[in-house]
1. Residue check, A:Gly168 against (1) touching a residue at least 60 places away in the same chain (Cβ under 8 Å); (2) surrounded by fewer than 18 Cβ atoms within 10 Å (Cβ to Cβ); (3) more than 10 Å from chain B (Cβ to nearest Cβ), all met but one. Which one?
2. Being of a type in the set (Phe, Trp, Tyr) and farther than 30 Å from A:Gly149 by Cα: is that true of A:Trp33 here?
3. Please state which of the following conditions A:Ile44 fails to meet, knowing it meets all the rest: (1) modelled with pLDDT under 95; (2) of a type outside the set (Phe, Trp, Tyr); (3) surrounded by fewer than 15 Cβ atoms within 10 Å (Cβ to Cβ); (4) under 15 Å from the mean Cα position of the chain (by Cα).
4. Restricting attention to region B:180-195, which residues are assigned to a strand (DSSP E or B) and either within 18 Å of B:Glu212 (Cβ to Cβ) or in contact with a Gly (Cβ under 7 Å, 6 or more places away or on another chain) (or both)?
5. If you check B:Gln64, B:Gln30, which single one turns out to be within 14 Å of another protein chain (Cβ to nearest Cβ) and either among the polar types (S, T, N, Q) or crowded, with 22+ Cβ neighbours inside 10 Å (or both)?
6. When you look at B:Ile70, is it aliphatic (A, V, I, L, M) and in contact with a Lys or Arg (Cβ under 8 Å, 6 or more places away or on another chain), yes or no?
7. In this structure, is B:Ala57 within 14 Å of chain A (Cβ to nearest Cβ), over 30 Å from B:Pro220 (Cα atoms), surrounded by 14 or more Cβ atoms within 10 Å (Cβ to Cβ) and in contact (Cβ under 8 Å) with a residue 12 or more places away in the chain?
Amino acid sequence: MGPLPRTLELFYDVLSPYSWLGFEVLCRYQNIWNIRLQLRPSLIAGIMKDSGSLSAMRFLTALSLEHPEMLEKVSRELWMRVWSRDEDITEPQSILAAAEKAGMTAEQARGILEKISTPKVKNQLRETTEAACKYGAFGLPITVAHVDGQAHMLFGSDRMELLAYLLGEKWMGPVPPAMNARL
Amino acid sequence: MGPLPRTLELFYDVLSPYSWLGFEVLCRYQNIWNIRLQLRPSLIAGIMKDSGNKPPALLPRKAQYLRGDIKLLRQQFQVPIQFPGDFLSVILEKGSLSAMRFLTALSLEHPEMLEKVSRELWMRVWSRDEDITEPQSILAAAEKAGMTAEQARGILEKISTPKVKNQLRETTEAACKYGAFGLPITVAHVDGQAHMLFGSDRMELLAYLLGEKWMGPVPPAMNARL
């Protein structure tokens, strides 16, 4: 067995366009580099005092607790709505539409939606956002790379080549060839 | 004869650490890519004022981040960049007016010295925590870069002339017209269009725009064009 994968935490908000760019790059590299990518839905409003993606990020938080395997796809569909098709992400039906497009059943999606105002979910989102702040975030996205017992916080979608340098991995640009994927 | 080289304008201020990083990368690639690098000494203070932006270091969390970022980039870019001790004083109180006027005068009289003297000024303020505001500091940098004491003093005498002051103002305004809200900015002229890229972290995107190969911030020298 080879060396242990390095944990990368990606703190993001679907309201943040650079979060989307960083997210897609790391999703591409998660099967190429020896890393374990942990997605951390956060609230950029909590970091910057900005405007609202509250429901969407609570939905993703609830997902991270109940169906973490859906987190990547639903996050992507929320970005596709707000940052590709200029569609709403604040209304319940908007969020459900994204969840279903990602492959959840209407039932599953509604089940998660019902939980977004529970103390458990509200607290988790608050805690994740506070964790980002403790790492020194002043915006999103931030990627926290845990390497040899140290946590390196990198801000933005344009520090991925530096991330590769820190990990001792090969940078092949933002669209790496899929053939390099680990099996 | 091959295709015409693309013109890249680099607007920079020696007060700006990311300007140094962008500068070194472009200097390395100027003999690898089919480009013509034009150095444009500018005043970051003027750009901040004109755009209403503030130095990022004024936000405590950004200042903290900057320190860590510069430490990492020092290794990745292999540039001996280091935070000065009283960094806010250097940036906000001491400034770079004389130094940038000196580089402006150089750009008019001895443009072939611009790269080396710029580098020596950065080495003073952003590597060895030395002054760049006093005349003797600027002369020391010029001489370290290979100018004679006479040549250097000749340029220094011109820094308060209207011609030099106006040129620095015009260059800074040109950066503002390209949309600058900070430095460095790289303006790439490609197929009749001018693309303004902000920061030292858009070089891979620049390569993409130029149709050139990105080999990281420290490209192998063997790829140099003869």
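The values are calculated or read from the model by the stated rules, or taken from the named source; none is laboratory data. Only a predicted model underlies this, so the values are computations on that prediction, with no experimental measurement involved. Every residue, glycine among them, receives a Cβ derived from its backbone with ideal geometry; neighbour counts consider all protein chains shown.
1. Result: A:Gly168 fails condition (1) only.
2. Against the criterion (of a type in the set (Phe, Trp, Tyr) and farther than 30 Å from A:Gly149 by Cα), A:Trp33 does not qualify.
3. All conditions pass for A:Ile44, except number (3).
4. First pass over region B:180-195, keeping only residues assigned to a strand (DSSP E or B): B:185-190, B:193-195.
Listed by number, the residues that qualify are B:Thr186, B:Val187, B:Ala188, B:His189, B:Val190, B:Gln193, B:Ala194, B:His195.
5. Result of the check over B:Gln64, B:Gln30: B:Gln64.
6. No.
7. The answer is yes for B:Ala57.
Conditions (1) closer than 30 Å to B:Pro5 by Cβ; (2) modelled with pLDDT of 95 or more; (3) not polar (S, T, N, Q), marked per residue:
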site: B:Val90; (1), (2), (3): no, no, yes
site: B:Leu108; (1), (2), (3): yes, yes, yes
site: B:Lys116; (1), (2), (3): yes, yes, yes
site: B:Arg119; (1), (2), (3): yes, yes, yes
site: B:Glu143; (1), (2), (3): no, yes, yes
site: B:Leu156; (1), (2), (3): no, yes, yes
site: B:Tyr178; (1), (2), (3): yes, yes, yes
site: B:Val187; (1), (2), (3): yes, yes, yes
site: B:Ala194; (1), (2), (3): yes, yes, yes
